[in-house]
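Step one of this worksheet: look at the structure below.
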Amino acid sequence: MSLTGTAFLYTTIVLSVVALLLPLALWSRMRGPKALRVAARVLMLLFVQGTAVTLVFILVNNSNNLYDNWADLLGTGNHVQQAADLGRDGTGGIAFKRLPKVKQAFQTADGPGMRAAGGVRVTQLKGRVSGVNAEVYVWLPPQYGEPAYRHRKFPVVELLPGYPGSAKAWFGSLKVHEQLLPLMKDGQVAPFILVAPRTNLLAGVDTGCANIPGTVNADSWLSIDVPKMVMDNFRAEPAPSGWAVAGYSAGAHCAVKLAVAHPDRYRAAVSLSGYNDPIGERNSLAAQSPALRAANNPYLLLKRAAVPPRVALYVSGESGDGYQAGVALQSIAEAPTTVHVVFLPRSAGGHTMALWRPQVVPSFRWLTLQMGQNRPRTAATGGSTPRSPSTVGSTHAALASGTASRAGAARKP
């Protein structure tokens, strides 16, 4: 029975109701020796508590998309077939752009939100460079299937979850496709192809989107194998001009790191409550040694770059949770690198989906501008999206979207 399936949820609900009714019906009717009656009552109480805890876990997991399946939950999943030393550029000397095209088999994805807004499709991808074998979810914009766009290539955004986190989270919890669909139809946001690859590749640890010989080649999986698959199977714009990467929490760290490390593969990155030093995630493999930390710290990569990379970064977060990381990047950025930092007040939602969900639209408006797509329009005025915060007396949604000023937000209780 699937961990995130409807059958498991309904079964748990039924068992929870039964567990609650059993003590009410049998507590005073127990017969037999006292020890047996006490043992039976203890078992009923444990049954009640066990089903209640399980139900709460399922609801939280389905809401936040933390674990995809039982293997993820139990720490038995391993999606790494091999992890050869691929060198500094992560290619292992393979001319990956010249590899023969491989047509993937896609099917409709299951789970909360996966059938909304035209539906999300999924494929099992065997990475020819990274040695990773895992699923990748793809959502196509409304224009993709229209006859008028049959010769059009579309920009792409890779979506990365936090840790622990499911590749489905951007669709199931953040509802990125449901939020963007009407804006794409109205021309307010570019018609991006959305791609969400699995990032939870090893049991019980965060890969930190790093290449670690003998362990995992997560960087090459995300920045080479997944884009190659998309280019082989869809009308996608070439890198780097047509590609961006976005993430929240640990995925936000990865998004910025990938863009700064590979400006030949990405033009822009969105970071929602991310960090620069990999040690921000205690279970990150990239934090296991000073050398790995330095090699996967986007601040140090940007600071030490011989030539400033041509990338644009959108970094949002609360004080102590993403904001300072953005300011640090902004302080050392030199043209053509640009960093747009959005301050979010602590009243906006904390390190949760409630904070990140309202950030989807403003960050994709920003991506539309930065990647040279059609200039987005606001529904009311037809003007461009504001580049800087404003208004003090903002609603919760406005605060979370980054449209409230830092000073004004700080004065709110």
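Which is open to solvent by 20 Å² or more (accessible area, probe 1.4 Å), under 18 Å from the mean Cα position of the chain (by Cα), at pLDDT below 95 and within 15 Å of A116 (Cα to Cα), of K175, K168? Answer to the selection: K168.
Of the listed requirements (1) within 25 Å of K168 (Cβ to Cβ); (2) open to solvent by 80 Å² or more (accessible area, probe 1.4 Å); (3) of a type outside the set (S, T, Y); (4) at pLDDT below 85, R29 misses just one: (1).
For the stretch 255-270, what are the residues that are in contact with a Ser or Thr (Cβ under 7 Å, 6 or more places away or on another chain) and open to solvent by less than 10 Å² (accessible area, probe 1.4 Å)? Please lay out each step first, then the result.
First pass over the stretch 255-270, keeping only residues in contact with a Ser or Thr (Cβ under 7 Å, 6 or more places away or on another chain): 255-256, 258, 262, 265, 267, 270.
Matches in the stretch 255-270: A255, V256, L258, V270.
Within this structure, T91 fails the test of being more than 24 Å from M231 (Cα to Cα) and either modelled with pLDDT under 85 or touching a Ser or Thr at 6+ places or on another chain (Cβ under 9 Å) (or both). Looking at G350, G326, G372, G408, which is the one that is in a loop (DSSP other than H, G, I, E, B) and either at pLDDT 90 or above or open to solvent by less than 60 Å² (accessible area, probe 1.4 Å) (or both)? So the residue among G350, G326, G372, G408 that is in a loop (DSSP other than H, G, I, E, B) and either at pLDDT 90 or above or open to solvent by less than 60 Å² (accessible area, probe 1.4 Å) (or both) is G350.
Filtering V157, V122 for residues that are assigned to a strand (DSSP E or B) and open to solvent by less than 10 Å² (accessible area, probe 1.4 Å) leaves a single hit, V157. Condition check: open to solvent by 10 Å² or more (accessible area, probe 1.4 Å) and within 17 Å of R365 (Cα to Cα). Does L183 satisfy that? Here the answer is yes, as L183 does meet what is asked. The residue pairs whose first member lies in the stretch 140-151 and is over 18 Å from M231 (Cβ atoms) and open to solvent by less than 70 Å² (accessible area, probe 1.4 Å), whose second member is modelled with pLDDT of 95 or more and in a loop (DSSP other than H, G, I, E, B), and whose beta carbons are closer than 6 Å, counting only pairs six or more residues apart or on different chains, are Q143/P191. Of the residues P227, P197, the single one that is farther than 22 Å from L355 by Cβ, open to solvent by 10 Å² or more (accessible area, probe 1.4 Å) and either modelled with pLDDT under 95 or not aliphatic (A, V, I, L, M) (or both) is P227.
Go through the residues of the stretch 107-120 one by one and say whether even a single one is hydroxyl-bearing (S, T, Y) and either touching a residue at least 60 places away in the same chain (Cβ under 8 Å) or farther than 19 Å from N62 by Cα (or both). No, the stretch 107-120 contains no residue that is hydroxyl-bearing (S, T, Y) and either touching a residue at least 60 places away in the same chain (Cβ under 8 Å) or farther than 19 Å from N62 by Cα (or both). Can you tell me which residue is surrounded by the fewest Cβ atoms within 10 Å (Cβ to Cβ) among those in the stretch 271-302 that are farther than 18 Å from I332 by Cα and polar (S, T, N, Q)? Of everything passing the filter in the stretch 271-302, S289 is surrounded by the fewest Cβ atoms within 10 Å (Cβ to Cβ).
Of all residues in the stretch 160-201, which are outside any helix (DSSP H, G or I) and over 21 Å from A134 (Cα atoms)? Working first, answer last.
Keep residues of the stretch 160-201 that are outside any helix (DSSP H, G or I), which gives 160-168, 173-175, 186-201.
Passing the criteria: L174, K175, D186, G187, Q188, V189, A190, P191, F192.
The values are calculated or read from the model by the stated rules, or taken from the named source; none is laboratory data. Remember, predicted model here, so these are calculated numbers, not experimental data. All Cβ positions, even for glycine, are placed from backbone atoms using ideal geometry, and neighbour counts span all protein chains on display. We work out accessible area using only protein heavy atoms, side chains counted, and drop any ligands, DNA or RNA first. Shrake-Rupley method; radii C 1.70, N 1.55, O 1.52, S 1.80 Å.
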